[in-house]
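In what follows, a structure is listed as structure tokens, so that the remarks can point back to it.
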Amino acid sequence: MGKAAQQPSDQFHYIKNRIQMLNQVVSTMDPEDVDMDDFNRVLDMIEQLQMKMVRFKKDWEEE
């Protein structure tokens, strides 16, 4: 998915883009048609975002 974000501003930009992507995915889902696979897909995206944010937080604390 491109080069690794090293600077805090790049990392924040990455997080912001991921949140926008998550919002787009969720916005396109029809609440009446959501199934367990859809739910798990969104949950996986949120968990991946959380892991990335924890890693970035550690990077920021080390500076």
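The values are calculated or read from the model by the stated rules, or taken from the named source; none is laboratory data. Since the model is a prediction, treat every value here as computed from it, not as a measurement. Every residue, glycine as well, gets a Cβ built from its backbone with ideal geometry; the counts of neighbours run over all protein chains shown.
Residue 5 passes every criterion in (1) hydrophobic (A, V, I, L, M, F, W, C); (2) in contact with a His (Cβ under 9 Å, 6 or more places away or on another chain); (3) surrounded by fewer than 10 Cβ atoms within 10 Å (Cβ to Cβ) apart from (3). Among the residues of region 38-45, is any exposed (fewer than 10 other Cβ atoms within 10 Å of the Cβ) and in a helix (DSSP H, G or I)? Checked against the condition, which is being exposed (fewer than 10 other Cβ atoms within 10 Å of the Cβ) and in a helix (DSSP H, G or I), region 38-45 yields no hits at all.
Residue-by-condition table, conditions (1) over 13 Å from the mean Cα position of the chain (by Cα); (2) modelled with pLDDT under 95:
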{"position": "4", "(1), (2)": "yes, yes"}
{"position": "7", "(1), (2)": "yes, yes"}
{"position": "21", "(1), (2)": "no, no"}
{"position": "33", "(1), (2)": "yes, no"}
{"position": "40", "(1), (2)": "yes, no"}
{"position": "43", "(1), (2)": "no, no"}
{"position": "46", "(1), (2)": "no, no"}
{"position": "49", "(1), (2)": "no, no"}
{"position": "57", "(1), (2)": "yes, yes"}
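Of the residues that make up region 47-62, is at least one part of a loop (DSSP other than H, G, I, E, B) and not charged (D, E, K, R)? Looking through region 47-62, none of the residues is part of a loop (DSSP other than H, G, I, E, B) and not charged (D, E, K, R).
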